[in-house]
Amino acid sequence: MPPTPASPRRFALGDFPLATGGTLPAAWLDYRVYGTLAGDRSNLVLYPSSYGAWPEDIDWVVGPILDPERWCVVLVSQFGNGRSSSPSSGDPGLAGGRWPVDHRDNVAAQRRLLEEVFAVTSPALIYGWSMGAQQAYHWGVLEPERTQRMCCVCGTARTTAHNRVFLLSLRQALTADSSWDGHRFRGAPEQGLRTFALIYASWAASQSFYRRGAHQQLGYTSVEAYVEEAWLPAYRRHDPHDLLAMLDVWLTNDVAAAAGVATGDAEADLAAALGRIQARTTVIAGRHDLYFTPEDCGAEAALISGAHFEVLESDLGHRAGNPRDAPAEQRQLRAAVDRLCAG
């Protein structure tokens, strides 16, 4: 059953200092709450948003995977997604064509939200898919003593070289549109959005997904119709400046850089950063995820003391980690959370 709809809430941060310098003026976080906070405040789950996701896109997780009878789930929109502070809502915009926010800022803002609204300094669990998993990793590295448990689903602590190719192609698709003047869009980048949707559809779903005709099983007559009717509307609804902002955060995703670990040896730096994690950690990869491969996710999990690693045997590709209509994948994710939080 879908979760009981939760009303949008806004947490005012004031003029928020950014990790890279500068300020996000009159900043805020959009968040939703599902379930009831226990008297001892021991059952709060932080659920950060993924790329392009609004709360109503991902709140289905409450119930099938995160039990609201047990947990108080706080679903937080990351900066840049159009619900929390974003380029579309005011300064700073894309200064020099880039968004100056990174995951250090998401973590700092979320920490304030939990402390000032819920009086919680140490959430019971941080559960994240994709960019949400990136934020969970940053919590574990930057706030090791506050982070009790992490479930990182189909995401990595550092954006890999191959994943960068995907992100740069998306950025190029949007900024090659004639409406982009080098600093902002002067109109709707319609052609750019169509190319953006095509790239996304080719990466997010796996070859196996298309091979078995899953798009046709969903009711689309062709891959062209699938992109036009299912993917393009998902990105057309966003302000394109926000789409670029979230790409920029994803491109800079690197827990070693965030932690200030910089010896010149990239692999040693990542190992040192992930070695800071004290949380009980579960890392879950999708067998056919083209963004965050099992090899990449497993290699990072091996750098985290005591981490449990498992693979979702699914042909949904990256979306195996957000299986709204896939009961088998839901059951595996629920079992992983239950094991992580047992005892």
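Every residue in region 132-155 that is assigned to a loop (DSSP other than H, G, I, E, B), within 19 Å of residue 105 (Cβ to Cβ) and either touching a Gly at 6+ places or on another chain (Cβ under 6 Å) or not small (Gly, Ala, Ser) (or both), please.
Selection gives 143, 144, 146, 147.
Every residue in region 245-269 that is among the hydrophobic types (A, V, I, L, M, F, W, C), under 22 Å from the mean Cα position of the chain (by Cα) and open to solvent by 10 Å² or more (accessible area, probe 1.4 Å), please. Scanning region 245-269 gives 251, 257, 258, 259.
Region 2-58 holds strands (runs of 3 or more DSSP E) entirely within its bounds, and those carrying 1 or more residues that are of a type in the set (D, E, K, R) and loosely packed, with under 13 Cβ neighbours inside 10 Å map to 9-17. Look at (1) in a loop (DSSP other than H, G, I, E, B); (2) within 21 Å of residue 62 (Cβ to Cβ); (3) in contact (Cβ under 8 Å) with a residue 60 or more places away in the chain and you find that residue 284 fails only one, number (1). Is it the case that residue 299 is assigned to a helix (DSSP H, G or I), open to solvent by 10 Å² or more (accessible area, probe 1.4 Å) and not acidic (Asp, Glu)? So residue 299 passes the test. Scanning for something over 17 Å from the mean Cα position of the chain (by Cα) and at positive phi, does region 94-115 turn up at least one residue? Taking every residue of region 94-115 in turn, at least one turns out to be over 17 Å from the mean Cα position of the chain (by Cα) and at positive phi. Where residues in region 90-106 are out of contact with any Asp or Glu (no Cβ under 9 Å at 6 or more places or on another chain) and open to solvent by 40 Å² or more (accessible area, probe 1.4 Å), which of them is nearest to residue 143 (Cα to Cα)? Step by step, filter region 90-106, then rank; the result is 104. Residue 61 fulfils the conditions (1) within 21 Å of residue 103 (Cα to Cα); (2) out of contact with any strand residue (DSSP E or B) (no Cβ under 6 Å at 6 or more places or on another chain); (3) buried (at least 22 other Cβ atoms within 10 Å of the Cβ); (4) not polar (S, T, N, Q) except for a single criterion, (1).
The values are calculated or read from the model by the stated rules, or taken from the named source; none is laboratory data. Fair warning: this is a prediction, and the values are worked out from it, not measured in the lab. Here the Cβ is made from the backbone with ideal geometry for all residues, glycine too, and neighbour counts use every protein chain on show. The protein model used for the area step is the full one, side chains on, heavy atoms only, and it has no ligands, DNA or RNA in it. Shrake-Rupley method; radii C 1.70, N 1.55, O 1.52, S 1.80 Å.
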